[in-house]
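To keep things clear, I will list the structure first and then write my remarks on it.
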């Protein structure tokens, strides 16, 4: 089993599990790989270090704080790692929020605009809905005073990411 760090053209980072390198290449070539955040199918491998179990872990070496000056290459590398970690944490939080929205709403599909209007004008009971609407339909809804929130449609979000 190969676990690969992957990213899309928008910079979203995620993991992929594959039986082999050929499995990864085959899925990529056939367009089966998809970013779980934005649905982009242009997915590339990122550099990653292999994890080897070689016995008990050694305690980390202590470095003097004086070597960690703001302008030193070591500090800049640490800042880059912190930024990458923060971006991944934000991405994970966004995915959790999107899954929560999906779990608490009814998918009305392409009937979204008409269903939102029916609820707004009291023709049907109000409830949390989601679905598809064109840009023009969304603008018309907003002009009528009907609150809508556009979200990306990501089919992969409905199931597990791995």
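Residue pairs whose Cβ atoms lie under 8 Å apart, sitting 6 or more positions apart in sequence or on different chains, and linking a residue in the stretch 77-99 that is more than 26 Å from residue 129 (Cβ to Cβ) to a partner that is modelled with pLDDT under 80 and assigned to a helix (DSSP H, G or I), do not occur here. The condition (being assigned by TED's automatic domain parsing to the domain that holds residue 37 and closer than 27 Å to residue 35 by Cα) is satisfied by just one residue among 84, 133, 138: 84. Could you look through the stretch 9-26, keep only residues that are part of a strand (DSSP E or B) and more than 10 Å from the chain's Cα centre (by Cα), and pick out the one that is nearest to residue 84 (Cα to Cα)? The qualifying residue nearest to residue 84 (Cα to Cα) is 15.
Cβ-Cβ contacts under 9 Å between residues 6 or more apart (or on different chains), taken from a first residue in the stretch 138-162 that is on the phi > 0 side of the Ramachandran plot to a second residue that is at pLDDT 90 or above and surrounded by 11 or more Cβ atoms within 10 Å (Cβ to Cβ), are listed as 145/120. When the residues of the stretch 85-112 are filtered to those that are in a helix (DSSP H, G or I) and in contact with a strand residue (DSSP E or B) (Cβ under 8 Å, 6 or more places away or on another chain), the one that is farthest from residue 13 (Cα to Cα) is 112.
For every residue, the table says whether it meets (1) at positive phi; (2) at pLDDT 80 or above; (3) in the same structural domain as residue 5 (by TED's automatic domain parsing).
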| residue | (1), (2), (3) |
| --- | --- |
| 58 | no, no, no |
| 72 | no, no, no |
| 75 | no, no, no |
| 98 | no, yes, no |
| 109 | yes, yes, no |
| 112 | no, yes, no |
| 120 | no, yes, no |
| 127 | no, yes, no |
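Contact map, the stretch 120-137: first residue within 12 Å of residue 148 (Cα to Cα), second residue outside any loop (DSSP other than H, G, I, E, B) and at pLDDT below 90, Cβ cut-off under 9 Å, separation 6 or more or different chains; pairs are 128/101; 130/101; 130/102.
The values are calculated or read from the model by the stated rules, or taken from the named source; none is laboratory data. All of these numbers come straight from a predicted model, not from anything done at the bench. Neighbour counts are summed over all protein chains in view; Cβ atoms, including those assigned to glycine, are modelled from backbone coordinates with ideal geometry.
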